[in-house]
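Presented below is the structure to which this report refers.
Values in this text are rule-based calculations from the coordinates and carry no lab data. All of these numbers come straight from a predicted model, not from anything done at the bench. Cβ atoms come from the backbone with ideal geometry, glycine included; neighbour counts cover every protein chain shown.
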Amino acid sequence: MSRRRAGTDEALDCLVVGGGPAGLTAALYFARFRRRFRVIDAGASRAAWIPTSHNVPFFAEGISGPEILRRQRETAERYGADIVSGTVTGLQRRDGGGFVASVDAGAGANMDIGARHVLLATGAADIEPQLPDVPDAVQRGLVRYCPICDGYESRDLKIAVIGHGSAGLGEAVFVARTYSDNVTLLTLGSSLELSPEERGHAERHRIRIIEAPITALETAGNRIAAMTTGGGEALQFDVLYSALGLRYRTDLAVALGAAHDPTGTVIVDDHCQTTVKGLYAAGAVVRGLDQIVIAMGHAAVAATAIHNRCELPTVDEN
Ligand SMILES: Cc1cc2nc3c(=O)[nH]c(=O)nc-3n(C[C@H](O)[C@H](O)[C@H](O)COP(=O)(O)OP(=O)(O)OC[C@H]3O[C@@H](n4cnc5c(N)ncnc54)[C@H](O)[C@@H]3O)c2cc1C
């Protein structure tokens with residue numbers, strides 16, 4: 001069990017911002033390292049959208065995202081992890097080292113928390129397609145966001161990919177070369193200026209490209225229907241992959257001056273430390289593959305590095 005909870009005037013060894021797969025893995029590690037830490041979570045994990053994941057090892061029959069989160073939280077709490085609801089609204093450097101986080105704990109309760117280290121595990125949010133009742137379509141597997149995650153479950157189906165530019169084409173090529181020879185790329189009215197090499201990829205995989213705007217996108221029974229302008233062609237698909245992109249929740253890191261790449265993800269070193277000393281990052285906010293096992297790996301690396309570098313004593317060493 002947790003030896004004691006840090007008060008607002010007492011610096012934590014680490015404040016973990018975000019309680020998705022990354023933040024909850026860090027919680028387990030910190031609890032087992034007997035560190036003084038807290039997880040603040042706003043409760044909007046991308047993992048909560050997962051109907052069933054089949055690529056998280058150990059779950060041969062698959063496991064839902066909410067169940068992953070529930071089990072992770074329960075496991076960390078078994079070791080006394082302190083996981084609370086709230087939103088970190090600001091992060092400042094503290095005189096003498098470390099950070100002060102401003103926290104909105106809901107119902108008008110605000111507090112400041114001091115921490116020697118901060119682990120940012122705030123994740124990302126999908127840019128959703130313009131479709132009625134997206135959550136229902138995601139739960140039914142009609143709309144998907146990640147062919148690396150669940151392309152296998154879409155194999156040999158009639159697939160639409162919506163997206164712009166090379167990101168849209170890249171996802172269409174990934175699906176076509178791996179899972180289906182019936183792939184259509186819908187660019188939603190934006191023209192696709194392809195290099196000869198990209199055009200070659202698209203042709204080799206027989207990807208149909210429709211650049212006409214889509215006037216209506218809706219679920220029709222167990223299929224997705226898309227209506228184009230011009231000829232007004234009605235298209236039907238089994239699955240629609242959205243490659244419209246993600247909004248990375250990196251504001252807190254960027255405000256502190258952490259370096260990030262053009263996509264908005266933060267750049268970290270081999271220990272998952274950002275370019276701001278003491279500020280670590282894990283999961284989707286970090287440049288690279290956005291997968292649960294990767295998020296967990298980042299968090300394990302970051303938590304271990306923080307524990308090893310932590311100047312403060314562990315709870316028992318006080
Ligand atoms: C439909 C769908 C299916 C997917 N399927 C798979 C799959 O099969 N396999 C796989 O590996 N991956 C899958 N993914 C991707 C997976 O969900 C992500 O890789 C994973 O959730 C990333 O974990 P994370 O902890 O970095 O971020 P998240 O899970 O997004 O968690 C971030 C948490 O931080 C909180 N937060 C954000 N800002 C603040 C703040 N300022 N203060 C406090 N808390 C904050 C958020 O509310 C959230 O709870 C899927 C994603 C989707 C949408």
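Computed values, structure above
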{"item": "Share antiparallel - DSSP beta bridges, the chain, percent rounded to 5", "result": "50 percent"}
{"item": "Partnerless cysteines, meaning none of the other Cys C-beta atoms lie under 4.7 Å away, in the chain", "result": "Cys14, Cys272, Cys310"}
{"item": "Integer Hz, Karplus 6.51/-1.76/1.60 couplings in order for the range 120-126, x for Gly and Pro", "result": "8, 9, 8, x, 8, 10, 6"}
{"item": "Estimated vicinal HN-Hα couplings, Hz - the range 277-287 in sequence order (Karplus 6.51, -1.76, 1.60; Gly, Pro = x)", "result": "4, x, 9, 9, 9, 8, x, 4, 6, 8, 4"}
{"item": "In nm, spacing of pseudo-spin labels at Thr263 and Arg204 (7 Å Cα→C-beta vector)", "result": "2.2 nm"}
{"item": "Inter-label distance for Thr75 and Val293, nm, one decimal - labels placed 7 Å from Cα along Cα-to-Cβ", "result": "1.4 nm"}
{"item": "Interchain or long-range residues, amide H under 5 Å from Ile209's placed H", "result": "Leu185"}
{"item": "Gain upon complete extension [Ala60, Ser102; 0.36 nm per residue less C-alpha separation]", "result": "11.0 nm"}
{"item": "Taking Val100, Val254, Val118, Val88 and counting other C-beta atoms within 10 Å, the order from fewest to most", "result": "Val254, Val100, Val88, Val118"}
{"item": "Rg [Å, one decimal], Dmax [Å, integer] - the range 128-242, C-alpha atoms", "result": "13.1, 39"}
{"item": "Ascending count of other beta-carbon atoms within 10 Å, so fewest first, for Val266, Val175", "result": "Val266, Val175"}
{"item": "Amide H contacts under 5 Å for Asp82, placed H, 5+ residues apart", "result": "Val39"}
{"item": "Table column - 3J(HN,Hα) (Hz), the range 28-37, Karplus curve with 6.51, -1.76, 1.60, x for Gly and Pro", "result": "5, 5, 4, 5, 6, 7, 6, 8, 8, 8"}
{"item": "Cβ-based charge dipole, the range 146-281, positive-most Cα from Thr250, Ile207, Asn182", "result": "Asn182"}
{"item": "Dimensionless Rg/Rh of the chain - Kirkwood Rh, Rg from C-alpha atoms", "result": "1.04"}
{"item": "MRE, 222 nm, helices only [DSSP H, n ≥ 4, -39500 (n - 2.57), over the chain, to nearest 500]", "result": "-7500 deg cm²/dmol"}
{"item": "Cβ-Cβ FRET estimate between Asp136 and Thr87, R0 fixed at 41 Å, reported to 0.05", "result": "0.95"}
{"item": "Likely footprinting exposure, Thr184, Thr275, fewest C-beta neighbours within 10 Å first", "result": "Thr275, Thr184"}
{"item": "Sites Ala255 and Arg94, calculated FRET efficiency, Cβ-Cβ separation with R0 25 Å, nearest 0.05", "result": "0.95"}
{"item": "Gained length - Ile148 relative to Ser166, 0.36 nm times residue gap less alpha-carbon distance", "result": "4.8 nm"}
